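Trainee: First the structure, then my questions, so here it is.
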Amino acid sequence: MQKDSLLPTTRALAADPREEPPDPGPVISIRGLVKRYGGRAVVDGVDLEVRRGEVFALLGPNGAGKTTTVEVLAGVRRRDAGEVQVLGVDPAVGDRAWRDRVGVVAQTTGAGNALTVRETVDHFAAYHATPVPGGELLDLVGLGATARTRVDKLSGGQRRRLEVALGVQGRPELLFLDEPTTGLDPVARRQSWALVESLRAAGTTVLLTTHYLDEAAHLADRVGVITAGRLVEVAPPAELGGELRREATVRWTEDGVPREVRTYRPAAVLRDLLAAAPGELPDLTVTRPGLEDVYLRLVGVPEEAVR
Ligand SMILES: Nc1ncnc2c1ncn2[C@@H]1O[C@H](COP(=O)(O)OP(=O)(O)OP(=O)(O)O)[C@@H](O)[C@H]1O
C-alpha cells in the first residue's frame with residue numbers, strides 16, 4: 001500500500017458517524033478480569049483501560065491469554081470474574097447495535113468457501129448499516145486483483161486479508177485484531193501494518209494481539225505485556241522495561257577470567273576500574289538491554305537461556 005493512498009483509505013474507514021457525540025471515557029475498561037478453564041485461570045486478574053483512538057497491542061508468548069481476553073471483550077466468551085465495559089457496554093450483554101460498532105478479526109474464521117472474494121464481501125455488507133463499498137474494501141487490503149477468485153482457492157495470506165476486510169467492512173469504532181500478521185509474507189505483513197496505520201488515522205481504536213515484538217513496537221501507541229494470564233507491564237514501546245532498561249552491564253577480562261558488573265552508574269564503575277587497572281582492560285564493553293532483552297525478562301525467560 002502506497003503512502004499516498006492513505007488519505008482516501010482513511011476516509012473510507014472512518015467510523016460511521018453516530019447521532020451521539022463520542023463518549024470521552026475509555027473505549028475498553030477492564031477490572032479484575034478472570035477466565036478459567038478446568039479450574040486453571042488463563043486470564044488471571046487483568047486490569048486495563050484502552051483510550052479512544054489508540055492502537056493498543058497485547059504482546060505475549062503462546063498461551064499467555066491474549067486471545068481469551070479478546071474473546072471476552074468481543075462478547076464471544078463468558079468471563080468468570082471481573083468488570084468489563086467495551087464502548088460503555090458489558091460485552092456479555094452487547095446487542096446488535098453494539099456489535100455493529102465493534103469489528104473482530106479472529107485468529108481463524110470460516111469465511112466463505114465456494115463464493116468468490118467479491119461475493120463474500122457483498123454478502124457480509126448486508127450486516128452493516130454503512131459498509132465500505134466492496135471494490136474499495138478489497139483495494140484497501142490488497143485483494144482488488146483477486147475479487148473473482150473463489151475463497152477456497154486463496155492462499156493463507158490472502159484469506160487472512162479477506163478476514164481483515166470483513167472486520168473493517170462496517171467501519172467499526174473499535175477493532176479487535178487477533179494476530180493480524182501471523183502467516184503473512186513480509187509484503188503482506190507491511191500491507192497489514194499500513195492498514196492499521198490507516199485505521200488509526202481514521203480515528204478507529206484498535207486492540208491487536210501479537211507475539212511479534214517488532215510489530216507491537218512499530219504499530220502500538222501502548223503495549224501491554226501479558227504472560228501466564230497476567231499483565232506485567234503497560235507502557236509506550238519506547239518506555240517498555242523502565243528500570244530494567246536503564247541497568248547497564250560492564251564486562252571485561254581480568255587475568256584471563258571474564259568479569260561483569262551490573263550497574264545503573266556505568267561511568268563510575270569504569271572510573272574505578274581504570275584507576276585500578278595497570279594497563280588496558282581486555283574485552284571491555286558497556287551494554288544496556290535492548291527491547292527484546294527486556295521483553296524476554298518481562299515474560300520470565302532467564303537471560304542465560306537466550307545468550
Ligand atoms: N476453549 C478452551 N478450553 C480449554 N483451554 C483453553 C481454551 N482456549 C484456550 N485455552 C487455554 O488457555 C490458555 C490461553 O490461551 P489463549 O489462546 O488465550 O493464549 P494466547 O496468548 O492467545 O496464545 P497464542 O499466541 O498461542 O494464540 C492456553 O493455555 C490455552 O491452552
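Trainee: Can you give me the convex hull volume of the Cα atoms of the chain, divided per residue and expressed in Å³?
Mentor: About 173 Å³ per residue, rounded to a whole number.
Trainee: Using only C-alpha positions, report the orientation-averaged shadow area of the convex hull of segment 235-279, nm², one decimal. Walk me through the numbers on the way to the answer.
Mentor: Values: hull surface 15.6 nm².
Across all orientations, segment 235-279 yields a mean hull projection of 3.9 nm².
Trainee: How much of the DSSP bridge set in segment 87-227 is antiparallel, in percent, rounded to the nearest 5?
Mentor: For segment 87-227, the DSSP antiparallel bridge percentage is about 10.
Trainee: Does segment 105-212 classify as rounded, prolate or oblate by the C-alpha gyration tensor (a ≥ b ≥ c root eigenvalues; a/c under 1.5 gives rounded; else a/b over b/c gives prolate, otherwise oblate)?
Mentor: oblate
Trainee: Over the chain, with a Gaussian network built from C-alpha contacts below 10 Å, which listed residue (P172, P236, P278) shows the highest mean-square fluctuation?
Mentor: With Cα springs under 10 Å in the chain, the top fluctuation among P172, P236, P278 is at P278.
Trainee: Using C-alpha positions alone, give me the convex hull volume of segment 197-307 per residue in cubic angstrom.
Mentor: Values: hull volume 13.8 nm³, N = 111.
So the per-residue Cα hull volume is 124 Å³.
Trainee: Further question on the same structure: In square angstrom, rounded to the nearest 10, how much accessible surface does S155 have for a 1.4 Å probe?
Mentor: 60
Trainee: Name the shape class, rounded, prolate or oblate, that the alpha-carbon gyration tensor gives for segment 68-133, where a ≥ b ≥ c are the square roots of its eigenvalues, rounded holds for a/c under 1.5, and otherwise prolate holds if a/b is larger than b/c and oblate otherwise.
Mentor: oblate
Trainee: So if the hydrodynamic radius of segment 242-306 is defined as the Kirkwood radius over C-alpha pairs, what does Stokes-Einstein give as its diffusion coefficient at 37 °C and 0.692 mPa s, in µm² per second?
Mentor: On the way: Rh = 13.0 Å.
Result for D is 252 µm²/s.
Trainee: May I pose another question? Could you look at the chain and say what percent of its accessible area is carbon and sulfur, using a 1.4 Å probe and all protein chains?
Mentor: Summing carbon and sulfur atoms, their accessible area is 51 percent of the total for the chain.
Trainee: Further question on the same structure: If R₀ is 41 angstrom, what is the calculated FRET efficiency for the pair E254 and H211, using the beta carbon separation as r and rounding to 0.05?
Mentor: Values: r = 40 Å, r/R0 = 0.98.
For E254 and H211, the calculated efficiency is 0.55.
Trainee: Picking from P186, P237, P282, which is most flexible by a Gaussian network model of the chain using Cα springs under 10 Å?
Mentor: Largest GNM mean-square fluctuation: P282.
Trainee: Per DSSP H run of at least 4 residues, take -39500 (n - 2.57); add these up for the chain, divide by its residues and hand me the 222 nm value, nearest 500 deg cm²/dmol.
Mentor: Only helices count here, giving -9000 deg cm²/dmol.
Trainee: Whenever you get a sec, line up D272, D178, D152 from highest to lowest accessible area (probe 1.4 Å, protein heavy atoms).
Mentor: Result of the area sort, largest leading: D272, D152, D178.
Trainee: Under a GNM of the chain (C-alpha, springs under 10 Å), which listed residue has the highest mean-square fluctuation: G38, G63, G290?
Mentor: Maximum among the listed residues: G38.
Trainee: May I pose another question? If you rank F124, F176 by how much accessible surface each has, with a 1.4 Å probe, what is the order from largest down?
Mentor: Numbers: F124 70, F176 0 Å².
So, going from the largest accessible area down, we get F124, F176.
Trainee: Where the only charges are on Cβ atoms (+1 Lys, Arg; -1 Asp, Glu), what is the dipole of the chain about its Cα centre, to the nearest 20 debye?
Mentor: Computed about the Cα centre, the dipole is about 580 debye.
Trainee: Under a 5 Å amide H to amide H cut-off, with H placed in plane at 1.01 Å, what residues pair with G45 once short-range neighbours are removed?
Mentor: L33, V34, K35
Trainee: Top to bottom by accessible area (1.4 Å), largest first, where do R159, R148, R78 land?
Mentor: R148, R78, R159
The values are calculated or read from the model by the stated rules, or taken from the named source; none is laboratory data. The model shown is predicted, which means the values in this text are computed figures rather than measured ones. All Cβ positions, even for glycine, are placed from backbone atoms using ideal geometry, and neighbour counts span all protein chains on display. We work out accessible area using only protein heavy atoms, side chains counted, and drop any ligands, DNA or RNA first. Shrake-Rupley method; radii C 1.70, N 1.55, O 1.52, S 1.80 Å.
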